[in-house]
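Following: one structure in structure tokens, then a few remarks.
Every number in this text was worked out from the coordinates using simple rules, so none of it is lab data. Only a predicted model underlies this, so the values are computations on that prediction, with no experimental measurement involved. Backbone-built Cβ (ideal geometry, glycine too); neighbour counts: all protein chains shown.
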Amino acid sequence: MYKSGMVKLQYDSNRQFKITLPKQIVLAKGWRKGDTLLFEIDRGGNLVVKRK
């Protein structure tokens, strides 16, 4: 399992919250620019990110 450092939740001028995904995670998942990602919350309350 890949473990990364912590990331900070950002809040921008458009009143949106944002996070930056570490490059190592994106590469490990094989994601590319333009991929559509789905965000879900599982029964344990964990955030799950999947490529559509």
Exercise. In the calculated pair distance distribution of the chain, what percentage of Cα-Cα distances lie above 17 Å?
Worked result: 49
Exercise. Along the charge dipole of region 10-51, which of Gly45, Leu21, Gly34 sits closest to the positive end, that is, farthest toward it, with unit charges on the beta carbon of Lys, Arg, Asp and Glu (+1, +1, -1, -1)?
Worked result: Gly34
For this session: Please give the net charge around Thr36, taking every other residue with its beta carbon less than 12 angstrom from that of Thr36, where Lys and Arg add +1 and Asp and Glu add -1.
Result: +4
Exercise. Residues with beta-carbon under 11 Å from that of Arg51, excluding Arg51: net charge, scoring Lys, Arg +1 and Asp, Glu -1?
Worked result: +3
Exercise. In a shell of Cβ-Cβ distance under 13 Å around Lys23, excluding Lys23 itself, what net charge do Lys and Arg (+1) and Asp and Glu (-1) give?
Worked result: +3
For this session: Divide by every residue of the chain the summed helix terms, -39500 (n - 2.57) for each DSSP H run of at least 4, and state the resulting mean residue ellipticity at 222 nm, rounded to the nearest 500 deg cm²/dmol.
Result: -3500 deg cm²/dmol
For this session: Mind putting a number on the dipole of the chain about its Cα centre? Charges go on the C-beta only, +1 for Lys and Arg and -1 for Asp and Glu, and I need it in Debye to the nearest 20.
Result: 160
